[in-house]
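Enquirer: First the structure, then my questions, so here it is.
Each reported figure results from applying straightforward, stated rules to the coordinates on display, with no laboratory input. In this text, all values refer to a predicted model and were calculated from it rather than measured experimentally. Glycine gets a Cβ as well: all are built from the backbone with ideal geometry, and neighbour counts include every protein chain shown.
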Amino acid sequence: MNQPSSRVRPFIAVAAVALALVLQASVFPHVAWHGIVPNLCLLVVVGAALTINAPAAMVLGFVAGVALDLAPPADHVAGRWALALTVVAFLAARVRQDVKPTAAAVVGTVAAASFIGTSIFALTGLVLGDSASVPDLLEVIAVAVLWDVLLTPLVLPPLMALFGRLDPQLAAA
Amino acid sequence: MGGLGGGGPVSGRERRWRGMDRLDSRNRPPRSLLVALVLASVSLITLDFHSSADSPVEPARRVMGEAFGPIQTATATVVRPFTSIPSWLRSRDSLSEEIRDLEAENSELKSKVATAGLDQNRLEEFDGLTQAAESLGQALVPARVVAYGSSQSFSNTVTIDAGSNAGLGPDMTVINNDGLVGRVLRVTRSTATVLLITDTESIVGGRVGSSLEIGFVHGNGSLADDELDLKLVDGSVIPAKHDTVVTWGSSQGPYQPGVPVGRVTDVYTSLRESSQRAVVVPFVNFSALDVVGVMVPSGTASDRAVIEADGALR
């Protein structure tokens, strides 16, 4: 294993998260439905959890969540997306098998991850006293899951190929 | 980003374990790391929740803003020509529909002109009372919206491409040519985060145009349609339909006085709270925000052209 590539790996993963964050905040709002955009950061985290080793994917989930919590337009209590995406990374790594996942398995994992991640974020909001109504929460969660599933065929294959090259031994398994 | 630095050694160790038990190589995520990261998230939430104004997270937000602000501005500049394409590709149908709409609007305006005398009186009275003259001491810094908060985060905030270099600071009023947009929450050197008045945390002091009654305009964060709730301080006064609501404001506070907010469309009487609740439809179309102006004190040093109160560019 050559040393420079292992040092560069975290940076490539973080760059993927940063790119997702910028697209999510500046490009996708133009095609958003009622302001609900595809959660690209969540897709990056799921892609990582399905490809690279579990601890690194969970740390990436946490980092992506903190970035979503702190990057400019965000104004909610920090740590909520960090919690949601950490759990998402854990669960996605948990359901992953050693064989290469089929397309249906990836789509299913993304749908479950999107549902769980957005729900955790919404529930922490209810606990902290955000005054969004429950029907609105459910509507947002449903549309968010739909968006994420729609983008999965476009986003997940290149992402998993990227992470697979970052971590060749595990991707080969 | 220090968190991922710790990921390197962890991944290395994990690989060695896998090498040892190749036969049972299920890639099980470690529970201890889950507990550690969840605790980290929860402590972050606690830190940020209990001290909202002087939160220890605020410097981190600022650093992220300094880093992402210019990228968002650049991305928005690249994307802007493409988002305007749909308006070029309009069919004859949509154009004739537009003519119909404009004709309807024209006749509506004509009927308004007929009753303008009454409105004129109201306007003069109102102007005097809200000391709109004070707002003449304000200049506008033009800016464009470069990033939008997603609805998944249940908050209505946007980033604009002007920051402290352009003379902006927290609590400044943000408007566009239709009316009140929101207020500045925090600034970085080149960008600022704006809380829209539709956010559930937004409360604007409002004044009803015809009766001059004061009240509070709450955002309700609803997705489908931009609607605001107006609660009057005096519970016995019933706001009239189609009344205009403007900011009540103060020159020190977050909202400058006399900025139009929206129009009253429905009035409900709440028996339980013995108060009036009115639904206000804002003048601003929040789903199509682009060019906005930030009200700054006249004579503020800025890195761009500032529109002074008399309309001059400086």
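Enquirer: Towards the positive end of the charge dipole of chain A, with charges on Cβ (+1 Lys, Arg; -1 Asp, Glu), say which of A:159, A:91, A:81 has the farthest Cα.
Expert: Ranked along the dipole, the leading option is A:159.
Enquirer: Also, quick follow-up: Would you mind checking which residues have amide H under 5 Å from residue B:146's amide H? H placed 1.01 Å from N; only 5 or more apart, or other chain.
Expert: When sequence neighbours closer than 5 places are left aside, the close amide H contacts are B:159, B:160, B:161.
Enquirer: Next question, about the same structure. Just to check I understand the Karplus step: with θ = phi - 60° and J = 6.51 cos²θ - 1.76 cosθ + 1.60, what whole-Hz values come out for the range B:61-73, glycine and proline as x?
Expert: 4, 5, 4, 4, x, 4, 6, 8, x, x, 5, 5, 4
Enquirer: Moving on to the next point. Suppose the chain between residue B:285 and residue B:92 were pulled fully straight at 0.36 nm per residue; how much longer would it get relative to their current alpha carbon spacing?
Expert: Result: 67.0 nm gained on full extension.
Enquirer: How would you rank B:231-239, B:102-110, highest first, on the average number of other Cβ atoms within 10 Å across their residues?
Expert: Ranking, from highest mean packing down: B:231-239, B:102-110.
Enquirer: Could you derive backbone 3J(HN,Hα) for the range A:106-119 from the dihedral phi with the Karplus parameters 6.51, -1.76 and 1.60 (θ = phi - 60°), listing whole Hz in sequence and x where the residue is Gly or Pro?
Expert: 5, 4, x, 4, 4, 4, 5, 5, 5, 4, 5, x, 5, 5
Enquirer: Using only Cα atoms, locate the centre of the range A:25-68 and the centre of the range A:77-138, then give the distance between them in Å, rounded to an integer.
Expert: 10 Å
Enquirer: Okay, moving on. Charges at C-beta only: +1 for Lys and Arg, -1 for Asp and Glu. How large is the resulting dipole of the range A:3-172 about its Cα centre, in Debye rounded to 20?
Expert: Result for the range A:3-172 is approximately 620 debye, rounded to the nearest 20.
Enquirer: Ok, one more. For a quick check, take a GNM of chain A with Cα springs below 10 Å and name the residue from A:84, A:67, A:103 with the largest mean-square fluctuation.
Expert: Maximum fluctuation in the GNM of chain A, among the listed residues, is at A:103.
Enquirer: Return the distance in nm (one decimal) between the two label points of a simple spin-label model at residue B:63 and residue B:234, each offset 7 Å from Cα along Cα→Cβ.
Expert: Modelled inter-label distance: 5.3 nm.
Enquirer: Working out 0.36 nm times the residue gap between residue A:104 and residue A:161, then minus their Cα-Cα distance, what length gain in nm do you get to one decimal?
Expert: 18.8 nm
Enquirer: Please turn the phi angles of the range B:32-41 into ³J(HN,Hα) values with the Karplus equation 6.51 cos²θ - 1.76 cosθ + 1.60 (θ = phi - 60°), one per residue in order, whole Hz, x for glycine and proline.
Expert: Calculated HN-Hα couplings, in order: 4, 5, 4, 4, 4, 5, 5, 5, 4, 4 Hz.
Enquirer: So which residue, out of A:69, A:148, A:130, gets the largest mean-square fluctuation from a GNM of chain A using Cα contacts under 10 Å as springs?
Expert: A:130
Enquirer: In addition: For n ≥ 4 DSSP H runs only, could you compute -39500 (n - 2.57) per run for chain A, divide by its residues and tell me the 222 nm figure to the nearest 500?
Expert: Estimated from H runs of four or more residues: -25000 deg cm²/dmol.
Enquirer: So, one more: Can you tell me the 0 to 90 degree angle between the C-alpha axis of helix A:40-51 and the longest principal axis of chain A, rounded to 10?
Expert: Approximately 30 degrees, to the nearest 10.
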